Amino acid sequence: MKTHILTFTLLFIVCLTARAELKWEQTAVELHPARGDKQAIGHFKYQNTGKAPVHFKSVHASCGCTAAQSQKDQVAPGEKGEVTATFNIGDRTGTQVKTVTVETDEAANQKTVLTLKAIIPQELEIAPTFVFWKQGEKADPKSITVHAGKDFSVKHIKVTSSSPDFQTKIEETGEGQFKVDVQPSETNHPIASTLTIQAENSPKTFYATARITTAPTAPVAPGAPAIQKAPAASTPPARPPAPTGQTH
């Protein structure tokens, strides 16, 4: 009995020491692509610190704008490698977070999630991105501020309204700064427009919205007496017939 227990213990220890294990240098990468870059590429390096080979089962990115791949399908004990994640920037701006899920045959940790964070320079900064008028409100213009982002030089912008019911007027207020006045032709009924904003000679497109909203129902003030309808007028009872005259 003791021999069987000893044999089982030795086998258990051998299995522990022979297991496969990937150690990642980092599972999160932050990138700062420069203006005009079309891609942001993250490198996630690893090493097999176990005593058995590690096999990759799959490497999947969280969206179609990101491609991920491993250098090899099998990693021998002590061997190093990396998984690369390539994010296609396109017309995206601001902070973009994408993930890559790596699945292996490791017993202890079969799935690992890698995070790629790309901070893409913002060519134009717009505030606010939504202006509105209540139905029946005076059709005065309202302003949107547009200014060039850091390290960008913008001399002219173009603003297009998707609806002819809204007119726009651009005024340069400083170097790389603009004021866009948006004015509806009238506010008698709900309507919306998408404003397309572009810097001159730039393929990137930014958006704002102008809208006429439905006028809300006026609320009843707390404690105000409820308005009661006047009771319907009742039909007066019929008069009794006049008494007939008597013959004397």
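Bear in mind these aren't lab numbers, they're just calculated from the coordinates by the rules spelled out. Predicted model only: the values in this text are computed from it and were never measured. Here the Cβ positions follow ideal geometry from the backbone for every residue, glycine too, while neighbour counts run over all protein chains shown.
Here is how the numbers come out for the structure above:
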item	result
Table column - 3J(HN,Hα) (Hz), segment 105-112, Karplus curve with 6.51, -1.76, 1.60, x for Gly and Pro	9, 5, 6, 7, 8, 7, 10, 10
Reachable aspartates and glutamates from K23, criterion Cα separation under 15 angstrom, eight or more residues apart if same chain	E79, E82, E103, D105, E106
Net charge of Cβ neighbours under 13 Å - reference T129; Lys, Arg +1; Asp, Glu -1	+1
Hits among lysines - C-alpha to C-alpha of K155 under 21 Å, sequence gap 8 or more where chains match	K169, K179, K204
Sequence ranges 204-211, 80-87, ranked by mean other-Cβ count within 10 angstrom, highest first	80-87, 204-211
3J(HN,Hα) from dihedral phi, segment 86-95, Karplus parametrisation 6.51/-1.76/1.60, rounded to Hz, x for glycine, proline	10, 9, 7, 5, x, 9, 6, 9, x, 8
